[in-house]
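What follows is one structure encoded as structure tokens, with my remarks underneath.
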Amino acid sequence: MIELVLEDAAEKMDASVAHARTEFSTVRTGRASSALFERLTAEAYGVEMRLQELASFAVPEARMLIVTPHDMANLEVIEKAIVNSNMGLTPSNDGRIIRLAFPPLNEERRRELARVVGGMSEDAKQRVNAVRRAARKDLDDLENDGGVSSDDIQRAESQLDALKDARIAAIDEAQAQKEQELMEV
């Protein structure tokens, strides 16, 4: 039973770390990346759809992204979604594709984005700690129900703390990497 609680906690903590990395990838760094558009949606065919379902993305150079709609009727809808995204990008289209030039970020904007990444990191750490609390409660319930010695519970709790510490270290590492990416000129 203890192993099941620990395995479940490890899986959930890993999911939190993966989610944090995905969140970090949506923060603009001055380089072109289709990951910025993972969450953007546009209304097409009477339904809200993700941009990645409506178009393909290409990065011909570091600061240029080309968006090619699968259906040319959605060109304006996609362009409008990009303008409304508040990413600071100005799309230009030639009737077939949308070009997005990524201007270099100024120092103030870099620091602001680093704070945003810090907030995302704190959220991820809170999720990891919530998983730890839930697993610790499960371990306490096992101890109260009997059948599991307090020594086994203490060993499991120390393993749980080690799991939590490793996941928080991974989040910190991903945050530091993203901040370094942001501050690079």
| Unmet requirement for SER92, which otherwise passes all of (1) surrounded by fewer than 16 Cβ atoms within 10 Å (Cβ to Cβ); (2) part of a helix (DSSP H, G or I); (3) outside the structural domain of ALA135 (by TED's automatic domain parsing) | (2)
| note | Those residues of the range 138-160 which are charged (D, E, K, R) and surrounded by fewer than 10 Cβ atoms within 10 Å (Cβ to Cβ) amount to ASP145, ASP151
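Given the structure, is LEU40 in contact with a Leu (Cβ under 9 Å, 6 or more places away or on another chain), in contact (Cβ under 8 Å) with a residue 40 or more places away in the chain and over 22 Å from GLU179 (Cα atoms)? Walk me through it before giving the result.
Values: in contact with a Leu (Cβ under 9 Å, 6 or more places away or on another chain): yes; in contact (Cβ under 8 Å) with a residue 40 or more places away in the chain: yes; over 22 Å from GLU179 (Cα atoms): yes.
Yes, satisfied.
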| Number of the exception - VAL47 against (1) exposed (fewer than 13 other Cβ atoms within 10 Å of the Cβ); (2) assigned by TED's automatic domain parsing to the domain that holds VAL131; (3) not small (Gly, Ala, Ser) | (2)
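With the condition kept exactly as written, say whether any residue in the range 68-82 is assigned to a strand (DSSP E or B) and over 12 Å from LEU40 (Cβ atoms).
Applying the first criterion (assigned to a strand (DSSP E or B)) to the range 68-82 yields 68-69.
Adding the requirement that they be over 12 Å from LEU40 (Cβ atoms) leaves 68-69.
So far as the range 68-82 goes, yes, one or more of its residues are assigned to a strand (DSSP E or B) and over 12 Å from LEU40 (Cβ atoms).
What do you reckon, is LEU105 touching a strand residue (DSSP E or B) at 6+ places or on another chain (Cβ under 8 Å) and not in a strand (DSSP E or B)?
Values: touching a strand residue (DSSP E or B) at 6+ places or on another chain (Cβ under 8 Å): no; not in a strand (DSSP E or B): yes.
No, not satisfied.
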| Looking at the range 67-100, which of the residues that are at pLDDT below 85 and of a type in the set (A, V, I, L, M, F, W, C) is farthest from ALA18 (Cα to Cα)? | LEU89
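The values are calculated or read from the model by the stated rules, or taken from the named source; none is laboratory data. These numbers were taken from a predicted model, which means no experiment stands behind them. Neighbour counts are summed over all protein chains in view; Cβ atoms, including those assigned to glycine, are modelled from backbone coordinates with ideal geometry.
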